[in-house]
Structures are given as structure tokens and as C-alpha cells.
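The values are calculated or read from the model by the stated rules, or taken from the named source; none is laboratory data. Since this is a predicted model, take the numbers as computed values, not measurements. All Cβ positions, glycine included, derive from the backbone under ideal geometry; neighbour counts span all protein chains shown.
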Amino acid sequence: MNKVCYRCIALCLFCIMQYGVAYTQAPNKELEDSYYGLIGRADKAIEHGDWAGAEEYLLTALSNEPQHPTNVMVMSNLGLVQYNLGRDSLALETLSRAHAIAPRSVTILANRAQVLEAMGLDSLAFADYSKVLALDSSVVEPLYAHAMIALRLGYTDKAVADCNRLQDVAADSVQTHRAWANVYSVKKQWLDAIPHFTALIDAGPTAADYCGRAVCYLMLNRLNEASADISTGLELDPENRELYFYRAYLNKARYRHDDAREDMRRALSVKKQPDVSF
């Protein structure tokens, strides 16, 4: 199961506003069991990977004060917690209830889209991300996610439009470079994709990005550069199946048939799935 990020709503700030400095200096049982205290304890539980504890605290806060004005955001966070506990249907139900209460909340829609995408429900996730962008077209993460799902669904023109928007709002961000790298790769514009993979590698090298650039070099018949990127990628991730497949392709192009067969054997024997960009 893919984990989704917990989009923490900083309700603990209200704890300080409500109870003053004493809350942060000397919390007591009464404060810890208050509405905001429970939310703060949920945040702490998530920091330690205690999703079950976080769910309990959030449910208790909702139960103790069912009419509290910030409950809708607590429900949004609860949905993500429930997803991370493997309760997919319940998570979507919780997020949909939150959305019904606050249909124009970008955060709630983005959270539901994130869960839907992690569940592999791309069409539904795409619809939610589209609603997010209709409300606010400048949010980078939903723009990037919308572009990547568009590519998977075959909506290349929409992905390009998202990339152009990303270029406007965050030209040098990792998300923008990754979006362009993937779009150009899908469109087989290998030369255009290379500088974006290079920017990603400069920002923080990963085997997946070396693999992406190696593919561009292979398609352009720049075999020495492809070989160098494949080797570096395998140094970063010796169990990357995709890199062995491409090294087999490279060795075949160099008439190293024995090496190509060995790389294909290794690719097929690796259990770990390749780290893909989108």
C-alpha cells in the first residue's frame, strides 16, 4: 500500500492561542484531553508512525465536540490517517463527508485526490485534482499530480497545459522539471527531456532520474553517455530492474550479446520494482 502524506492542519496553534504559554510549558491531563490537546497528540502520534493512536485521538476530539467549527479539517486529516491504516473505503467516506461540508476546500479535495491516486483510481483522482485547480490553479503539488495522471490517462495535451502552468508559478521547482521530463519522454522529444532530467539530478540524484536520462541518450544513439548514466544509476540502486533492462539493450546495441543476456537475466531475477517517475 502506498503511504500518503499527512497534510497537517496546524490546529495546535489554536491550542497556544486558547490556553497560552502554559500549554507548551507544562501540559496537564485536562489540557491534553481537550479538543486541541487531542489534535496535538494526534500530530505527535503521526510523527512517530502511530497511525492507530492518531485515529483514536482524532475520533475522540470529534466525539467530544461534534459541533466544533474546525471539525471539517479534523475529518480531512482523519481520512488520510485511515488510509494509512489500510481502511480505504472508510478513508474515502470520511473525506467525502468533509467535502460535503466544505465543498470549496482545496485541502480536502487535494487530500481525497491523493488517496484516490494512491489507490490507483486515476480517473476519480484526476476529477478531484481538476476541481482543486478550478479553485486555485497556482498550487504546485496538485498541478504536478494532475499532469502525471493526465499522462497515464493519455491526455497529453492536458499534461502539457499543466506543465506550462507549473512553469509560470514555479519555474525551477523539482515538480516542474519532473513534469516536463516525463511529458517530453512520453512525446519522444528526447533532446528536450535531457535538461530537465539533468536539473533533477543536480537537485538530488536518484537512480530513476539517471535511468530517465539514460533512455533519452539511448534513443538518441548517444551510447557512451547512456552507459555512464546506467552505471551511476546502478551504483545508487543495484536492484533497479529497469536499469538492467536498459543495460541489456545497450549491450545488444554494442554487439555484446553475452553481457546483454546476463543483464536480462539479472533484470528478471530482481524482485524490487523500478522506481518510476510518474
Assess whether residue 141 counts as being of a type in the set (Asp, Glu) and either under 27 Å from residue 199 (Cα atoms) or part of a loop (DSSP other than H, G, I, E, B) (or both). yes
Selection over segment 141-165 where residues are aliphatic (A, V, I, L, M) and more than 16 Å from the chain's Cα centre (by Cα) yields a count of 4
Residue 100 fails exactly one of (1) outside any helix (DSSP H, G or I); (2) modelled with pLDDT of 95 or more, namely (1)
**Request:** Kindly indicate whether residue 128 is of a type in the set (Asp, Glu) and over 17 Å from the mean Cα position of the chain (by Cα).
**Result:** no
Of (1) surrounded by fewer than 18 Cβ atoms within 10 Å (Cβ to Cβ); (2) of a type in the set (Gly, Ala, Ser); (3) closer than 25 Å to residue 116 by Cα; (4) touching a residue at least 12 places away in the same chain (Cβ under 8 Å), residue 145 fails just (1)
Discussion item. Going residue by residue through segment 161-174, is there one that turns out to be without any contact (Cβ under 8 Å) to a residue 12 or more places away in the chain, out of contact with any Cys (no Cβ under 9 Å at 6 or more places or on another chain) and hydrophobic (A, V, I, L, M, F, W, C)?
Written reply: yes
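Specify which of the listed residues (109, 116, 78, 95) is assigned to a helix (DSSP H, G or I), in contact with an Asp or Glu (Cβ under 6 Å, 6 or more places away or on another chain), at pLDDT 95 or above and surrounded by 22 or more Cβ atoms within 10 Å (Cβ to Cβ).
Values: 116 fails: in contact with an Asp or Glu (Cβ under 6 Å, 6 or more places away or on another chain); 78 fails: in contact with an Asp or Glu (Cβ under 6 Å, 6 or more places away or on another chain); 95 fails: in contact with an Asp or Glu (Cβ under 6 Å, 6 or more places away or on another chain).
Matching residue, one of 109, 116, 78, 95: 109.
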The residue that is surrounded by the fewest Cβ atoms within 10 Å (Cβ to Cβ), considering only those in segment 182-198 that are within 14 Å of residue 229 (Cα to Cα) and under 21 Å from the mean Cα position of the chain (by Cα), is 198
Being free of Cβ contacts under 8 Å to residues at least 40 places away in the same chain and among the hydrophobic types (A, V, I, L, M, F, W, C) narrows 208, 134 down to just 134
